[in-house]
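Written out below as structure tokens is the structure these notes cover.
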């Protein structure tokens, strides 16, 4: 029986074996890797941040560009990664937690075969970082949570990102074979709607409110909404504060930090914000002669 490419690599490095208990499942299908690289649309000026580079099965196929930061947390895999990409002077292997390094490095594209344990932290980075495109392998059950929009994370993802489902990746494309199903997606940051767009479209309005809340997630809800209405409705802080004071959601929600809200709380806030928008815009319309 012919050995696959990874078996040869494993044998080359003292019979290294991935540890599935650490979420080590290395992509080993040339067609899948080729599709990821195609979707990444690498140009000579790109700076690419790779989350969970493993032993470099994707890394070493990235065409020459300005820089690739290939971050891997597991020392055994990292040792192999360094050797596999040592001939690529534009690749910098980094040993450590990608979620720590992502704050320190400027890049314009992201690629990742994402371990389940960092799916949500990576998604939050996709919400706030400035980049052109991300090409990511996610566990299917995680993406299902996002695209269903019936979770807090799903609501924010719709407001902040354009996520495109490409296709499912077969389990046999990985070594060792994972139990969970995997999907390939691309993501780009969604352009924020202008106040004018938000006031004229229900979907844009919901996304506007959710974006404003997320970007102020360390604030109390009442303060975040006050700043939101200042920008959305052109009100002074005092006027916006008076509007917020009339929202009948109680201190349990209004005096809670945005980051601690539940899904149901967000829906209630959107509903109240929509009511306020309707009342104000209706009052501003000129009366019929």
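None of the figures in this text is laboratory data; all of them are computed from the coordinates on show. Not measured: the values here are computed from a predicted model. We place every Cβ from the backbone using ideal geometry, glycine too, and count neighbours over all the protein chains shown.
Here the simple spin-label model places points 7 Å from the Cα toward Cβ, and for residue 179 and residue 117 these points are separated by 1.6 nm.
If R0 is 35 Å, the Cβ-Cβ spacing of residue 168 and residue 260 corresponds to a FRET efficiency of close to 0.55.
Between 0 and 90 degrees, rounded to the nearest ten: what's the tilt of helix 119-128 against the longest Cα principal axis of the chain? For helix 119-128, the angle is close to 60 degrees.
One chain, two ends: residue 95 and residue 31. Fully extended at 0.36 nm per residue, the span grows by 20.3 nm beyond their Cα-Cα distance. Springs between Cα atoms under 10 Å define the GNM used for the chain, and in it the highest mean-square fluctuation of 274, 100, 130 occurs at 100. The spacing between segment 215-270 and segment 27-93, judged by their C-alpha centroids, is 43 Å.
In the Gaussian network model of the chain, springs joining C-alpha atoms below 10 Å, which of 77, 157, 53 carries the largest mean-square fluctuation? Answer for the Gaussian network model of the chain: 77. Considering only 35, 246, 197, the Gaussian network model of the chain with Cα springs below 10 Å gives its largest mean-square fluctuation to 246. Each label point was placed 7 Å from the Cα along the Cα-to-Cβ direction; for residue 246 and residue 194 their separation is 2.8 nm. The fraction of all Cα pairs in segment 195-284 landing in successive 10 Å bins from 0 to the largest distance is 17, 58, 24, 1, given as whole percents.
The alpha-carbon atoms of segment 118-249, seen along their principal axes, cover 60, 26, 24 angstrom, with the largest extent given first. With 0.36 nm allotted per residue and the present C-alpha distance subtracted, the residue 140-residue 218 stretch has 25.1 nm of extension available.
Pairing the Cα long axis of helix 75-84 with the longest principal axis of the chain, what angle in degrees results, from 0 to 90 and rounded to the nearest 10? The angle comes out near 70 degrees.
If you wrap segment 8-189 in the convex hull of its Cα atoms and look at it from every side, the mean projected area works out to 9.6 nm².
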